[in-house]
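First up is the structure itself, then whatever we jot down about it.
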Amino acid sequence: MKAIVYDRYGPPEVLHEADLPQPEPGPGEVLVRVRASSVTTADWRMRAAAYPGILWLPGRLMTGLTRPRNRVLGVEFAGEVAALGEGVSAPVQGTRVFGFSGKGAHAQYLVMPADGPIVETPATLSNEEAAALPFGALSALVFLRDFARIQPGQSVAVVGASGGVGIYAVQIARAMGATVTGIASGANRDLVLGLGAVQFIDYRAEDFTEGSVRYDLVFDAVGAVDFARARRVLKPGGLFLPLNFGFREMMQALWAKIAGGPRLKIGTSGDTAADLDVLKGMISEGKLRPMIDRTYPLEDIVEAHRYVEARHRQGAVVISVA
């Protein structure tokens with residue numbers, strides 16, 4: 001099968017096409033014929049070993065200390081079930097599915113645990129639209145629902161509101177009843193307001209942390225704000241929730257818990273079939289829609305990585321796997 005591999009950490013050019021043996025599903029597994037994937041922030045960080053601060057060593061230990069342990073990137077996918085492993089009766093062969101693989105989706109075939117984060121694709125979504133959802137939408141759902149525990153009527157500022165996670169954070173926060181302010185570049189104003197934000201701030205023209213508005217939650221989806229700045233615009237019991245964190249944020253979270261006042265919470269998102277079903281429910285109710293910035297063929301994966309690493313995208317960057 002055709003796959004995109006890398007054998008050393010580095011710039012996008014370390015990625016190249018290769019022919020690999022087609023995997024076979026084992027007991028409790030399904031073989032997915034991948035039709036679409038994406039390039040996420042996680043993909044370029046793993047490719048470049050660009051882990052922030054104190055997370056550099058844990059990141060390297062996870063992916064390979066001196067060279068990549070897993071040669072094929074790609075953390076989200078959409079396609080159809082091509083074969084079933086022993087003991088698996090559902091989803092049946094031919095069923096359109098999408099999900100979160102964590103690795104290996106930049107290839108024509110992918111093996112997934114049948115009870116893992118893989119669900120049937122809604123009939124209303126194309127493969128490309130389905131592949132644009134899992135990473136960003138699952139991250140936004142878990143951070144806003146489980147860590148922030150957003151309540152109806154709360155005020156939420158989403159920093160990086162047009163990015164791969166931010167576009168879903170705006171929609172999900174709105175669906176949970178929050179009043180959302182989106183912070184992004186001015187070119188993305190219409191996009192962010194169209195997703196459900198009631199206010200928009202162009203970070204290039206205005207520093208929202210110098211403003212007079214106070215928020216219950218500041219969710220930083222891109223690593224652009226630190227706690228010292230965020231707490232200036234948080235209500236007394238407000239929460240700063242960064243998607244990316246390092247040792248500094250770990251210590252600040254502990255101190256804020258002891259000292260009182262605005263809080264800082266850190267965490268990492270999980271990926272489950274149950275949460276994918278939550279996203280499907282929001283889609284069917286018209287509360288959530290996938291957002292695609294650009295689509296590249298698999299052979300143009302280097303260009304896709306360059307574009308994502310520049311950090312100016314408006315939604316997901318999808319890879320079409322022919």
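FYI, it's all coordinate maths here, none of it is from the lab. All values derive from a computational prediction rather than experimental measurement. Virtual Cβ from ideal backbone geometry, glycine too; neighbours counted across all protein chains shown.
Some observations on this one:
- Within the chain, DSSP assigns beta bridges of which about 55% are antiparallel (rounded to the nearest 5).
- Spatially near lysine pairs across the chain, Cα under 20 Å, sequence gap of 8 or more or different chains: 4
- Net charge dipole size for the chain [Lys, Arg +1 and Asp, Glu -1 on Cβ; Debye, nearest 20]: 1080 debye
- Magnitude of the charge dipole, segment 135-264, Cβ model with Lys/Arg +1 and Asp/Glu -1, debye to 20: 360 debye
- Net charge over other residues, Cβ less than 12 angstrom from the Cβ of ARG149 (K, R count +1; D, E count -1): +1
- Fewest neighbouring Cβ atoms within 10 Å first, the residues THR124, THR95, THR209 line up as THR124, THR95, THR209.
- For segment 1-70, the spherically averaged projection of the C-alpha convex hull amounts to 5.9 nm².
- Rounded, prolate or oblate (a/c below 1.5 giving rounded, otherwise prolate when a/b exceeds b/c) for segment 13-167 by Cα gyration tensor: oblate
- Formal net charge of residues neighbouring ASN70 (Cβ-Cβ distance under 12 Å; K, R +1; D, E -1): +3
- Mean Cβ neighbour count within 10 Å, used as a protection proxy, ranking 18-24, 262-268, 140-146, 31-37 highest first: 31-37, 140-146, 262-268, 18-24
- Of PHE143, PHE208, TRP255, farthest towards positive along the dipole that unit charges on Lys, Arg, Asp, Glu beta carbons give the chain: TRP255
- Summing charges over all other residues whose Cβ lies under 13 Å from the Cβ of ALA175, with Lys and Arg as +1 and Asp and Glu as -1, gives +3.
- Relative to the longest principal axis of the Cα atoms of the chain, the long axis of helix 247-259 lies at roughly 40 degrees.
- Here the scattering of segment 103-178 is modelled by Debye summation over its C-alpha atoms, one equal scatterer each and no solvent; at q = 0.12, 0.20 Å⁻¹ the log10 of I(q)/I(0) is -0.43, -0.96.
- The distance linking segment 105-151 with segment 193-244 is 26 Å (Cα centroid to Cα centroid, whole angstrom).
- Loop sites in segment 75-111: GluC sites (Glu not before Pro), DSSP, at most 16 other Cβ within 10 Å: GLU86
- Order of HIS305, HIS106 - criterion: other Cβ atoms within 10 Å of each residue's Cβ, fewest first: HIS305, HIS106
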